[in-house]
Amino acid sequence: MLGIIGGSGLTKLPGLSITHRQVIRTPFGEPSGPLTFGDLDGHPVVFMARHGYGHTIPPHLVNYRANIWALHEQKVSHVVSVATIGGIHPNLKPGDICVPDQIIDYTHGRETTFTEYNGKPVTHLDFTWPYCEEMRQRCMTALRQAGEDFMFAGVYAAVQGPRLESKAEIDRLARDGADMVGMTGMPEAYLAREIGICYAAIAVSVNWAAGRGDSAISISSETIEAMLDNVVGRLRSVLTKLACMEYDAARTSAGIDASL
C-alpha cells in the first residue's frame, strides 16, 4: 500500500474512493490527523495530511515523528511526499516539477530522531543520499508515464517557516547550491530513513522564490492558490501510477503474479 504525505487537497483527487479514516496513537504524540485509507483507481493508498485536514498546523509545529510512525505502524513501506516548493533553479518556474536527490537542512528546534537516548550509545545513520533511490525511480517512471516533464535531480533547502524567505536568504540558498526551497522536507526524510521507510519526494514549484521571476517584488498568495489547484489535477495520474506500482510490487513480493 502506497503512503502519500501532502496537503489536505490531495484527498479530493478524482478517482480516489475513501474507505475509512483511522486515528493512530503513537509513542511520540498525536499525528497531524487520522490516516485516510482508500483506493485510487482500484489500488490501495493511505494518506497523511501533513498540516491537518483544516491546514491548521504550520510546518515548524508538524509532529513529523508521529506522522511517520503512524504510517510505519500500518505496514507502509513506501512513501511519496508531495512537496510544494519555491523555485530557485531557472528550470523550476511555477508549475514545474523536480524529483530531488539531496537536502540541505536549515530548520531548528524540531524533533529529528525516534531515538530516546537516556544513556544509550549515540547512533549515526548514513544520510549521504537522503532519498530512497528505489522510490525516486518509481516517481520518475510515473511522471514519464503521465507525460510530465521534470528535473530528475535537485537540492531541496528545508527552511523553518512559516514565514516566506527574504531575497537575501534565497540568494544565500542559491550560493549554497539549493535548487528549491520548502518548509517540510526535514526531519521527515530522515525519520523515514531511520524507521526503514523507502521515501522520496515529488517537488512541485508553486511560485518563484523571493527575488526571482514574478516574485522579484513580492510573492502573491492568490497565485500560489491557483497553482495548487492546477497541481492537484496534474498529480492524479502520477499518484495513480505510483499506487499501481506499489500494488504490483507487493503482490510480486508475496509470490502472486502481478498480471493476475
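Which members of the range 44-57 meet the condition of being part of a loop (DSSP other than H, G, I, E, B), of a type outside the set (Ser, Thr, Tyr) and more than 15 Å from the chain's Cα centre (by Cα)?
Scanning the range 44-57 gives Gly54, His55, Ile57.
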- Query: Which condition breaks for Thr113 when tested against (1) closer than 25 Å to Met140 by Cα; (2) assigned to a loop (DSSP other than H, G, I, E, B); (3) of a type in the set (Ser, Thr, Tyr)?
  - Reply: (1)
- Item | Out of Leu35, Leu61, sole residue that is under 30 Å from Asp171 (Cβ atoms), under 18 Å from the mean Cα position of the chain (by Cα) and either modelled with pLDDT of 95 or more or among the aliphatic types (A, V, I, L, M) (or both) | Leu61
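Per-residue answers, yes or no, for (1) polar (S, T, N, Q); (2) in contact with a Cys (Cβ under 6 Å, 6 or more places away or on another chain); (3) surrounded by 21 or more Cβ atoms within 10 Å (Cβ to Cβ):
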{"position": "Met140", "(1), (2), (3)": "no, no, no"}
{"position": "Glu165", "(1), (2), (3)": "no, no, yes"}
{"position": "Leu173", "(1), (2), (3)": "no, no, yes"}
{"position": "Gly196", "(1), (2), (3)": "no, no, no"}
{"position": "Ala209", "(1), (2), (3)": "no, no, yes"}
{"position": "Ser221", "(1), (2), (3)": "yes, no, no"}
- Task: Can you work out which of the residues in the range 233-260 that are in contact with a Lys or Arg (Cβ under 7 Å, 6 or more places away or on another chain) and either outside any loop (DSSP other than H, G, I, E, B) or modelled with pLDDT of 80 or more (or both) is farthest from Ala83 (Cα to Cα)?
- Result: Met245
- Item | Of all residues making up the range 57-79, the number that are free of Cβ contacts under 8 Å to residues at least 60 places away in the same chain and either aromatic (Phe, Trp, Tyr) or within 20 Å of His108 (Cα to Cα) (or both) | 4
- Sole residue being out of contact with any Lys or Arg (no Cβ under 9 Å at 6 or more places or on another chain) and under 16 Å from Glu194 (Cα atoms), chosen from Thr84, Thr107, Thr115, Thr56: Thr115
- Item | Hits in the range 145-193 - residues which are part of a loop (DSSP other than H, G, I, E, B) and aromatic (Phe, Trp, Tyr) | Phe150, Phe152
- When the range 2-56 is examined, which residues are found to be without any contact (Cβ under 8 Å) to a residue 24 or more places away in the chain and of a type in the set (A, V, I, L, M)? Ile18, Val23
- Query: Limited to the range 96-110, what total is found for residues that are surrounded by 14 or more Cβ atoms within 10 Å (Cβ to Cβ) and assigned to a loop (DSSP other than H, G, I, E, B)?
  - Reply: 7
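The values are calculated or read from the model by the stated rules, or taken from the named source; none is laboratory data. Bear in mind that the values here come from a model prediction, so they are computed numbers and not experimental data. No Cβ is skipped: glycine too gets one built from the backbone with ideal geometry, and neighbour counts run over all protein chains shown.
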